[in-house]
């Protein structure tokens with residue numbers, strides 16, 4: 001089948017490299033504009049595509065952009081860490097649908113910042129391969145797998161593990177998708193959770209005069225620890241003070257660090 005890619009970032013790049021190792025025929029790609037694209041040139045180089053076979057995501061809001069996408073002649077779409085919502089008539093352009101790789105254990109954590117909410121809300125973490133429908137991460141599931149959240153995870157480390165697991169699950173399921181034997185399990189719309197990008201703004205500001213459970217406060221700070229990005233912060237004297245949490249196992253510390261650097265009392 002001729003594949004049109006909807007990809008961004010490291011996961012998108014690694015997916016393209018893996019497809020190109022096989023016999024996959026990539027007929028085009030939809031990418032983020034330069035303002036929020038990551039590794040776009042590397043993706044296009046790995047896919048072996050010229051600019052004539054590339055559409056930028058905002059173009060899909062126009063009739064001309066949809067026609068450009070149609071002209072790429074894709075039989076199936078593959079979305080990997082693509083940050084734009086795909087709607088009609090785009091979805092119907094593909095006879096075999098559009099498959100999305102989502103870093104969440106659907107129906108939990110539909111939408112954005114899945115790594116954050118699995119720490120903050122203790123929602124099940126995981127990865128899913130599913131077909132795109134007219135909702136947001138609500139289409140039929142092909143396969144999924146849970147990922148354990150460790151007490152040593154930050155938003156950064158959990159993101160990396162979810163990304164790696166997404167790629168593994170894609171590699172396992174893509175042959176079934178290509179030959180038309182992949183299962184399709186409808187999601188239960190009455191369960192799960194969904195988050196928008198702006199939802200993290202509601203947890204980022206730590207109110208110094210509010211009472212928090214220690215667990216909840218630690219979870220917010222570690223979930224939003226993802227350098228170089230700004231995360232949780234408090235305000236003092238008109239300034240924002242940003243916080244990052246370092247989480248260490250006991251065996252990573254020396255005895256002196258465990259018991260304190262001062263001299264022992266006699």
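The table below gives the values:
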item	result
Potential lengthening between residue 160 and residue 42 on full extension [0.36 nm per residue; Cα-Cα distance subtracted]	40.6 nm
Helix 214-223 axis, angle to the chain major axis (alpha carbon atoms, nearest 10°)	40 degrees
Computed over the range 150-266, the ratio Rg/Rh where both radii use C-alpha atoms and Rh is Kirkwood	1.13
Two-site FRET efficiency, residue 189 against residue 63, from Cβ-Cβ distance with R₀ of 35 Å, rounded to 0.05	0.65
Inter-label distance, nm, simple model (7 Å from Cα along the C-beta direction), residue 168/residue 121	2.5 nm
All-pairs alpha carbon distance profile, the range 1-89, 10 Å steps from 0, percent	18, 58, 24, 1
Cα convex hull of the range 2-195, projected area averaged across orientations, nm²	10.4 nm²
Stretch gain in nm, segment residue 234-residue 96, where the contour uses 0.36 nm per residue and the Cα spacing is subtracted	44.8 nm
222 nm mean residue ellipticity, helices alone, for the chain (DSSP H n ≥ 4; -39,500 (n - 2.57); rounded to 500)	-9000 deg cm²/dmol
Separation of the residue 214 and residue 25 label points, Cα + 7 Å toward Cβ, nm	6.2 nm
Label-point separation, residue 202 to residue 87 (7 Å along Cα→Cβ), nm	2.2 nm
Per-selection Kirkwood Rh - the range 198-250 (Cα, Å, 1 d.p.)	11.8 Å
Among 6-15, 242-251, 51-60, the order from most to least packed when residues are scored by Cβ within 10 Å on average	6-15, 51-60, 242-251
Principal axis dimensions, largest first and in whole angstrom, of the range 145-184 by Cα	40, 14, 11
Sites residue 140 and residue 71 - FRET efficiency at Förster radius 30 Å, r taken between beta-carbons, to 0.05	0.60
Ordering of 157-170, 30-43 by burial proxy (mean other Cβ atoms within 10 Å per residue, highest first)	157-170, 30-43
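Read-outs: derived from the displayed coordinates by stated rules, not from any lab. As the structure is a computational prediction, the values presented were derived from the model and not from experiment. Every residue, glycine as well, gets a Cβ built from its backbone with ideal geometry; the counts of neighbours run over all protein chains shown.
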